[in-house]
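The values are calculated or read from the model by the stated rules, or taken from the named source; none is laboratory data. Because the structure is predicted, anything quoted here is derived from the model rather than measured. Ideal geometry is used to build each Cβ from the backbone, glycine not excepted, and the neighbour counts take in all protein chains shown. The accessibility values were calculated without ligands, DNA or RNA, using every heavy atom of the protein model including side chains. Shrake-Rupley method; radii C 1.70, N 1.55, O 1.52, S 1.80 Å.
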Amino acid sequence: MQEHIIASLAEDRESTCWGCGLRLLLPSGASTFKCGWCGAITLQTAQKQKDKSLKWRWLRDRGFVCVLLLFILFVICGGVWAVYPIVFSVSLFCGIFHSTVTIVLAVATLSLFSLAAFRSPGTPPNVIWGSYPLVEKGDLENYTFCNYCSKPKSRRTHHCRSCGMCVLDMDHHCPFIGNCVGAGNHKHFIMFLISAIVSTIYISIMAVYSLWHIWPPLSVHELGRLNGSGSKFGWSLSKDIIHAVLRSTTLLSIRGFILIYLFISSFSLQIGLIVLLCQQLWYIYEGKTYLSHVSSQGDDGEKDCQNLLRFFGCPSVSFSRHLPIFRSSKKRHEK
C-alpha cells in the first residue's frame, strides 16, 4: 500500500490525476502538479476547450492552397507557352532538353506539394491512460492533457488549432499547404522547398535566356554624342541606356511581358524559399523543430550532421572519425 502513495502534503485539498486516476493531496495554491506514479502533468486551471473558428481557418487554408496551385499551374503553362517556341528555334536538342527538364521539375514539384499538403502531419501514438491498474509507473512521464482533443499528449506533441488535431513533432502550421508540418510530412515539405527552389532558378535562367533572343534592338544612336568624363559621363551613359531599354519595351510582344513577369516572380520567390529552407535545415541540424526552438524545449539536443542524415533516411556516418568538430548527438531528430 505504501508504494502506491503518490504524494503526501500537509494541506487537505484533494485532486485527481488524469493519467492514472489516483487521488492526491495538494497545497491549496498549487495550480500544476506532476503525478509521482505515472508522471503525468496536470493543470488545475485547465478546462475543456472548444474551437469555434476552426471552420473559417480551414476555409482560409483551402483558399491559400488553391491560390498557390493556380500560381504553380500558371508558371508551368505560361513558361511553356512563352519559352518553347524560342528554345526550339535555337536548336532541336535545346528544345528537347528543356522539355525534359520542365516535365521532371513540374512533376516533382506538384507531387511533393501534394504529399506535404494532403498527407497526415503525424498522429501521436495512442497510450493507455485514466485507469490505475492499467497505467504502470512512469508510462505517462511529462505527458499533458489536451483540452481540445481530450487525449494525452507528450512533450513532442502540440495541438494545432487550424487543423483541429494534435500533431507529433509539430514544426509549424503552413497556410500555403493548408496543413501542419510534422513527423508525417516534414521530409516531404523540405523536399518540396528544394524542388521549388530548383524550379524557380531554372525558370529565371530560361526567362533571361529567352528575353535575350526576343528583346528588340536598343536605340543607341545618342551614345556617340555623349561627352564629359568621370562620374558625370557614367551617369549620362547609364541614363541613356535606361531610356533605351524602356523605349524598347514598348516593342515587346505579350510573350516578352510574360517572360519579364516570370523572371521577377520566380526570382523574388526563390529568395524567400531559400531563407525558409536554410532555417528549416538549421533547426534539423540542431535536433529541434521551430516550436521547440521558440519554447526552448530542444535545449538538450546537440548540433550534429547525423541529425540531417537521419532526417533524410541516409545511413549514419561517423564524422568524428575524420573531423573532431563533429560529435555524436544525444538527441535524435527522427521523423
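Run G178 past the list (1) without any contact (Cβ under 8 Å) to a residue 12 or more places away in the chain; (2) within 30 Å of L73 (Cα to Cα) and report the number of the one that doesn't hold. Only one criterion in (1) without any contact (Cβ under 8 Å) to a residue 12 or more places away in the chain; (2) within 30 Å of L73 (Cα to Cα) is unmet by G178, namely (1). Taking Y148 as the residue in question, decide whether it is in contact with an Asp or Glu (Cβ under 8 Å, 6 or more places away or on another chain), more than 22 Å from H188 (Cα to Cα) and surrounded by 15 or more Cβ atoms within 10 Å (Cβ to Cβ). The answer is yes for Y148.
Restricting attention to segment 104-128, and to residues there that are among the aliphatic types (A, V, I, L, M) and outside any helix (DSSP H, G or I), which single residue is nearest to the chain's Cα centre (by Cα)?
The initial filter retains those residues of segment 104-128 that are among the aliphatic types (A, V, I, L, M), namely 104-108, 110, 112, 115-117, 127-128.
Applying the additional criterion that residues be outside any helix (DSSP H, G or I) yields 127-128.
Values: V127: 29, I128: 32 Å.
Here the answer is V127.
Cβ-Cβ distances below 6 Å connect the following pairs, each with a first residue in segment 74-103 that is touching a residue at least 60 places away in the same chain (Cβ under 8 Å) and assigned to a helix (DSSP H, G or I), a second residue that is hydroxyl-bearing (S, T, Y) and open to solvent by less than 90 Å² (accessible area, probe 1.4 Å), and a separation of six or more residues or different chains: V83/S210; I86/S210.
Looking only at segment 273-284, which residues are open to solvent by less than 50 Å² (accessible area, probe 1.4 Å) and more than 13 Å from I201 (Cβ to Cβ)? Break it down stepwise before answering.
Of segment 273-284, the ones open to solvent by less than 50 Å² (accessible area, probe 1.4 Å) are 273, 277, 280, 283-284.
Scanning segment 273-284 gives Q280, Y283, I284.
The lone criterion from (1) modelled with pLDDT under 95; (2) in the same structural domain as I274 (by the TED database) left unmet by K151 is number (2).
Taking G178 as the residue in question, decide whether it is over 16 Å from L291 (Cβ atoms) and open to solvent by less than 20 Å² (accessible area, probe 1.4 Å). Can you show your working first?
On the way: over 16 Å from L291 (Cβ atoms): yes; open to solvent by less than 20 Å² (accessible area, probe 1.4 Å): yes.
It is true that G178 is over 16 Å from L291 (Cβ atoms) and open to solvent by less than 20 Å² (accessible area, probe 1.4 Å).
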